[in-house]
Amino acid sequence: AVGAASRQENHRLVDFCQRAGLLSESLEPEYAADNGPLAITLGKVLGRNGRHEETTRLLDAVRTGAEARGDRELDLRVELEQVILLRSTGATSQVDQDRVRELAGLLGRSTYGAYAHHLLGNIAKQCGDLQAAAESFQKARELFGEAGSDVGEIIALDRLGSVALR
């Protein structure tokens, strides 16, 4: 499943994860947390394909497992993914922007910190605050660059361009 994820073979990723029990309705939180990074990737794939109920169940299990074993970093990453999922369902008004800013600070100079800044940029852009959007996308670009995420950096640059066009 990890190999399929790295090759972006999403159908295989879902198939392997299903066989491994990560999509089970009785998913044990400890097992979910043990496979946290893979489960987060799976959640992103499921979410992009409209499988929000399964994504929610999966991320809730990972978060419960992370909390139980005191893995704060994993808990914060999953919380961010849950907020991103909420926004992707069209519920931007339900997103607590102050909490996303807090998550951006807690996740620091990491890929997940970059995702938090990217999310803040998208929200600001949607609300019409182009200055805040540009600042958030620039910060995301910087952090993606530091993390060596070319794709993330390109996406942030694209968003910066869309703000400039407005």
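The values are calculated or read from the model by the stated rules, or taken from the named source; none is laboratory data. Remember, predicted model here, so these are calculated numbers, not experimental data. Methodologically, a virtual Cβ is constructed for each residue, glycine included, from the backbone with ideal geometry; neighbour enumeration extends over all protein chains shown. Please note that ligands, DNA and RNA were not included when accessible areas were found on the heavy atoms of the full protein model with its side chains. Shrake-Rupley method; radii C 1.70, N 1.55, O 1.52, S 1.80 Å.
Which one of 72, 77, 101 is at pLDDT 90 or above, buried (at least 19 other Cβ atoms within 10 Å of the Cβ) and basic (Lys, Arg)? The match here is 77. With respect to the conditions (1) loosely packed, with under 13 Cβ neighbours inside 10 Å; (2) closer than 25 Å to residue 106 by Cα, residue 56 falls short on a single one, namely (1). Would you check which residues across region 129-151 are under 22 Å from residue 91 (Cβ atoms) and either open to solvent by 60 Å² or more (accessible area, probe 1.4 Å) or without any contact (Cβ under 8 Å) to a residue 24 or more places away in the chain (or both) and list them? Matches in region 129-151: 129, 132, 136. Filtering region 1-20 to residues that are on the phi > 0 side of the Ramachandran plot and among the charged types (D, E, K, R) leaves nothing.
If you go through region 80-97 and pick out every residue that is at pLDDT 90 or above and open to solvent by 70 Å² or more (accessible area, probe 1.4 Å), you end up with 0. Would you say residue 133 is in contact with a Gly (Cβ under 8 Å, 6 or more places away or on another chain) and either charged (D, E, K, R) or more than 18 Å from residue 81 (Cα to Cα) (or both)? Taking the combined requirement at face value, the residue satisfies it. Each residue in region 15-38 was checked for being open to solvent by less than 60 Å² (accessible area, probe 1.4 Å) and either of a type in the set (Asp, Glu) or within 17 Å of the chain's Cα centre (by Cα) (or both), and 5 of them qualify.
What's the total number of residues in region 10-23 that are in contact with a helix residue (DSSP H, G or I) (Cβ under 8 Å, 6 or more places away or on another chain) and not in a helix (DSSP H, G or I)? Final tally of qualifying residues: 3.
If you go through region 110-128 and keep only what is open to solvent by 70 Å² or more (accessible area, probe 1.4 Å) and either modelled with pLDDT of 95 or more or within 14 Å of residue 76 (Cβ to Cβ) (or both), you end up with just 115.
Anything in region 70-99 that is of a type in the set (Lys, Arg) and touching a helix residue (DSSP H, G or I) at 6+ places or on another chain (Cβ under 6 Å)? List them, or say none.
77
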